[in-house]
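K.L.:
Attaching a single structure in structure tokens format; questions to follow.
The values are calculated or read from the model by the stated rules, or taken from the named source; none is laboratory data. The model shown is predicted, which means the values in this text are computed figures rather than measured ones. Here the Cβ is made from the backbone with ideal geometry for all residues, glycine too, and neighbour counts use every protein chain on show.
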Amino acid sequence: MTVDPRTPVLVGAGVAHQRVDDPTAAVEAVALMTAAAERAGIDAGAPRLLADVGGVFVPRGTWRYPDPGRIVAERVGATARTLVAELGVLQQTLFTRACLAIAEEGLDVALVVGGEAKYRDLRARIGRVELLDTGQPDGTVPDEIVAPAYEIMPKPERDAGMISAPLQYSVLETAIRAARHESVPDNARATAELWAAFSRVAANNSDAWRRDPINAAFLEHPPAANPMLAAPYTKWHCSQWNVDQAAAFVLCSTEAADRAGVAADRRVYPLAAVESNHMVPISRRALLHRAPAVRAGADRLAELAGIDASTADIIDLYSCFPAAVRIQAQELGLPLDQPDTRPLTVGGGMTFGGGPLNNATFQALARMVEQLRADPGTIGLLTSISGMITKHGMGLWSTAPSDRGFRFGDVSAVAEAKTPVLDVVGDFHGRARVDGYTVAHDHGEPRYAAVLARTDDDRRVVARCDDITLASAMVADEWCGREIAVDGDRFSGAG
């Protein structure tokens with residue numbers, strides 16, 4: 001098959017990581033990114049492609065560099081335009097933008113790179129060591145900044161104590177539990193078995209952050225080493241972001257790959273990508289256990305590439321928390337009960353493979369590239385989420401190019417039309433029924449409960465309870481569907 005010369009192709013993937021307890025012996029995030037980029041050039045079999053990079057695409061991390069793409073470009077000998085995608089922008093967007101720039105805007109070589117050195121920073125705080133990272137001149141900014149359009153956690157959620165991703169996703173988990181008619185023990189077992197299977201995948205991934213597999217009992221009946229964090233989630237249900245990991249990818253036009261002499265067995269083609277950037281805070285979602293954007297994206301992918309996403313040979317579902325995997329799997333029609341024969345992760349997920357902030361998908365793609373090359377012609381499905389899973393992106397990859405070329409679809413409008421919402425009551429006094437909830441813990445002990453509940457006239461209330469006795473009861477028993485008494489932004493048991 002003749003491939004259009006402007007067809008984008010991924011030719012090099014590189015990863016870099018470190019786990020050094022002495023922070024003064026560890027390198028900073030941009031050094032890890034640079035190392036990953038250099039390894040991507042070597043992986044392509046054409047390191048000189050790095051000097052031809054014309055665009056560097058970086059997702060925002062916890063680091064303070066105003067324009068890390070500029071530093072990486074300079075270190076690999078390139079003169080490039082730089083882009084930084086802020087928190088809340090889908091990680092898929094970086095690959096989408098790079099591929100479209102190659103296919104439609106004349107860019108020949110792109111570098112997509114991200115990384116963190118948060119473990120190094122953690123060790124420095126513990127040891128009270130001051131670290132000096134690479135600086136940039138005052139006024140340095142990337143050539144382009146991509147920012148999300150909506151607030152992820154609105155004030156009612158923050159006021160109720162839903163102030164972090166674990167707390168928000170655990171609310172979704174209780175709603176999933178209720179929708180699937182799982183008991184509290186059944187749900188604990190289901191999420192434990194799913195995550196234990198992810199840990200087994202990580203054990204076989206040489207680049208995973210944690211490679212010792214856990215058994216399901218460690219999560220189902222958590223010991224002191226695995227304290228409850230946001231019921232029903234323990235520490236090891238959650239994404240682990242204190243990692244030092246980076247990944248980089250060299251993408252180029254097919255004609256640039258040909259000029260550089262990139263071998264056919266190095267080439268992995270992005271077949272199609274879809275994104276929904278419609279964001280709905282969890283407090284406004286009528287159906288907490290669903291993500292219509294995922295189904296809309298899969299339908300659009302089938303139109304663009306002629307491939308049913310659920311039939312992909314290799315799958316990596318964005319895996320910050322079990323709720324994210326369970327919701328995506330439901331929308332895509334993927335089985336959750338076949339973790340060893342039909343795995344939903346390639347690297348072990350963000351708990352075990354590692355969850356560097358805003359670029360964990362990059363670690364997964366590097367692993368997927370390796371697996372696709374090992375089995376030519378197979379199809380890989382990679383997903384990413386943001387906005388607590390209303391924003392969703394996915395891409396299909398293969399060593400076999402599509403005769404349709406790379407295609408992209410934006411399903412934001414479709415997702416908006418298919419995502420029912422509720423009005424949030426700012427100051428409600430009366431009875432409401434719980435749709436989803438969580439119990440925040442401190443050092444393994446319940447501290448407060450936060451709920452999303454529904455009034456008789458189908459409005460949503462967000463409320464908090466600081467009664468430790470009630471919060472403890474909500475850990476042990478099912479409270480979805482129960483009636484509570486709401487007084488402003490506080491609630492009590494209605495019984």
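K.L.:
Regarding V109, is this residue among the β-branched types (V, I, T), under 25 Å from A366 (Cα atoms), at pLDDT 95 or above and in contact with a Cys (Cβ under 8 Å, 6 or more places away or on another chain)? Give the derivation first.
P.N.:
On the way: among the β-branched types (V, I, T): yes; under 25 Å from A366 (Cα atoms): yes; at pLDDT 95 or above: yes; in contact with a Cys (Cβ under 8 Å, 6 or more places away or on another chain): yes.
Spelling it out, V109 is indeed among the β-branched types (V, I, T), under 25 Å from A366 (Cα atoms), at pLDDT 95 or above and in contact with a Cys (Cβ under 8 Å, 6 or more places away or on another chain).
K.L.:
Hey, among the residues in segment 329-378 that are free of Cβ contacts under 8 Å to residues at least 60 places away in the same chain and of a type in the set (S, T, N, Q), which one's farthest from V171 (Cα to Cα)?
P.N.:
Looking at residues that are free of Cβ contacts under 8 Å to residues at least 60 places away in the same chain and of a type in the set (S, T, N, Q), I get Q371.
K.L.:
Residues of segment 216-237 being farther than 10 Å from H441 by Cα and in contact with a Gly (Cβ under 8 Å, 6 or more places away or on another chain), which ones?
P.N.:
Within segment 216-237, A224 is the sole residue that qualifies.
K.L.:
Can you tell me which residue within segment 80-103, out of those that are free of Cβ contacts under 8 Å to residues at least 60 places away in the same chain and assigned to a helix (DSSP H, G or I), is surrounded by the most Cβ atoms within 10 Å (Cβ to Cβ)?
P.N.:
First, pick out the residues of segment 80-103 that are free of Cβ contacts under 8 Å to residues at least 60 places away in the same chain: 80, 94, 97, 101.
From what's left, assigned to a helix (DSSP H, G or I): 94, 97, 101.
Numbers: L94: 28, R97: 22, A101: 21.
Among those residues, the one meeting the criterion is L94.
K.L.:
Just to be sure I understand the filter: pairs with C-beta atoms under 6 Å, separated by 6 or more residues or on different chains, first member in segment 389-407 and touching a residue at least 40 places away in the same chain (Cβ under 8 Å) and closer than 14 Å to V9 by Cβ, second member in a loop (DSSP other than H, G, I, E, B) and hydroxyl-bearing (S, T, Y). Which pairs pass?
P.N.:
Every condition considered, the pairs that remain are G405/T7.
K.L.:
Same structure, new question: Sort out for me the strands (runs of 3 or more DSSP E) sitting completely within segment 405-495 that have 2 or more residues that are more than 22 Å from A286 (Cα to Cα). It would help to see each step written out before you state the result.
P.N.:
Details: elements: 407-410, 428-442, 445-454, 460-465, 483-488, 490-493.
Filter on segment 405-495 gives 407-410, 428-442, 445-454, 490-493.
K.L.:
Could you list, in sequence order, the residues of segment 21-63 that are of a type in the set (S, T, N, Q) and in a loop (DSSP other than H, G, I, E, B)?
P.N.:
Of the residues in segment 21-63, the ones of a type in the set (S, T, N, Q) are 24, 34, 62.
Once the filter is applied, which keeps residues that are of a type in the set (S, T, N, Q) and in a loop (DSSP other than H, G, I, E, B), segment 21-63 yields only T62.
K.L.:
Looking at segment 311-330 only, could you name the residues that are of a type in the set (D, E, K, R) and surrounded by fewer than 21 Cβ atoms within 10 Å (Cβ to Cβ)?
P.N.:
The first filter runs over segment 311-330 and keeps only residues of a type in the set (D, E, K, R), leaving 313, 316, 326.
Answer for segment 311-330, where residues must be of a type in the set (D, E, K, R) and surrounded by fewer than 21 Cβ atoms within 10 Å (Cβ to Cβ): just D313.
K.L.:
Quick one: how many residues across segment 64-79 are of a type in the set (G, A, S) and assigned to a helix (DSSP H, G or I)?
P.N.:
Result for segment 64-79: 2.
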